[in-house]
Structures are given as C-alpha cells and as structure tokens.
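Reviewing the structure listed below.
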Amino acid sequence: MKPARVALLAIGCAAALGLSACGEKEAGATVRADGTTAPGSELKVGDRAVVPFKYGNDKTGTIAITVKSIELGTKEDLAKFGEKAAGVVPVYVRMVIENVGGTDLADTSVSVRAVDAGGKGTKVILANGTAACKGEPAAENFTTAGATYETCETEGVKDGGEVGGVTFSEGDGYKDDPILWKK
C-alpha cells in the first residue's frame with residue numbers, strides 16, 4: 001500500500017475513534033466525554049440522565065435524574081388552588097435523584113417541565129405540590145456519591161391537553177436544548 005493511502009487510512013481511523021469517544025449513545029442519550037448526558041438527548045421514562053447541577057449560588061455537583069413515571073392526576077387534586085386552577089389537570093412526575101459527584105447537595109431540588117406531544121411546554125406551571133405529589137427536596141444526608149432520594153414534581157396541563165413527556169433545561173446548554181423524557 002502506498003504511504004499516502006496508509007496516512008489517509010490512519011487519519012480516517014483516528015477521526016472515527018475520536019468521534020465515538022466524544023459522543024457514545026446510551027439508552028437514547030448521547031454521553032459526553034465527561035460522562036454527562038448531552039443536551040438534546042431524548043430518553044424514555046425509566047432512563048437515567050447524568051447532568052451537571054447548580055442550585056443557588058453555592059451548591060454545585062453532578063446528579064443523575066431518572067424519571068420513573070409521568071401520570072395525570074384529577075382536577076379534584078387541585079381544589080386547594082380554587083379558581084386559579086380552573087381548567088387545569090395536574091401532571092405528576094415521579095423521579096429518583098442520585099448524587100453522582102459526591103458534593104454537598106442537601107436541601108436542593110430538581111425541576112423538570114411538562115411538554116405536549118410535540119415537545120412544546122404545556123404553558124401551565126403549578127408552584128406547589130398536592131397531597132398526591134409533594135415534591136420533597138434532598139435530605140440533609142444527600143452529600144455523598146451514590147446517595148439517592150425519590151421526589152415528585154407537580155406540573156400541569158390544560159383540561160383536554162396531552163402530555164408527551166418532561167424536560168430538564170437547567171445549566172450547561174440544556175436551556176436551549178433540553179433533555180427530553182418521552183412518555
């Protein structure tokens with residue numbers, strides 16, 4: 001084989017190896033070189049995403065989010081909101097959050113947003129949980145690698161609307177290109 005072809009073949013192989021190291025696919029997600037899930041990854045309910053995390057001005061680390069379920073509640077669940085909740089149905093997003101990086105993330109919480117079948121926001125945000133979905137923050141012992149907690153976030157959809165999934169859009173490029181868990 002001629003030296004020019006060998007060099008071209010070597011460059012092509014190196015480029016292919018470099019691309020695979022930059023973005024491996026894992027359960028519908030693209031995993032970046034640092035082990036986090038790339039912005040724009042599409043997952044299924046039950047899949048795990050690892051993301052850099054910042055809460056307030058002083059708590060940062062790496063967490064894993066596993067959306068376990070996305071369920072519609074009943075209008076009666078929102079009775080305490082009165083007229084403010086007229087025409088809204090609650091959406092309960094049950095998640096497991098894991099402290100991957102081992103930093104102190106006690107008393108933090110993770111936010112996701114409900115989206116319709118086309119991936120657009122439902123335009124309904126509920127500030128508080130309900131009796132069926134209380135949205136607990138991380139406990140005081142959420143400070144070591146491997147620590148986990150389960151939580152539920154209450155989102156909303158207009159009566160008759162459809163929920164296609166939820167998105168995570170906080171930090172490191174996720175705002176413009178969120179991770180999506182499809183229902």
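Laboratory data are not the source of any read-out in this text; all were calculated from the coordinates shown. For clarity, every value in this text was computed on a predicted model and none was experimentally measured. All Cβ positions, glycine included, derive from the backbone under ideal geometry; neighbour counts span all protein chains shown.
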I need the shape label for the stretch 61-124. Rule: rounded when a/c is under 1.5, else prolate if a/b > b/c, else oblate, with a, b, c from the alpha carbon gyration tensor. prolate
Distance violations [Cα-Cα > 21 Å] among Lys75/Lys123; Lys75/Lys175; Lys59/Lys80; Lys123/Lys175: Lys75/Lys175; Lys59/Lys80
Quick note, the stretch 23-182: a/c under 1.5 would make it rounded; otherwise a/b > b/c is prolate and the rest oblate (a ≥ b ≥ c, C-alpha gyration tensor); here it is oblate
In the stretch 70-155, GluC sites (Glu not before Pro) in a DSSP loop with at most 10 other beta-carbon atoms within 10 Å: Glu140
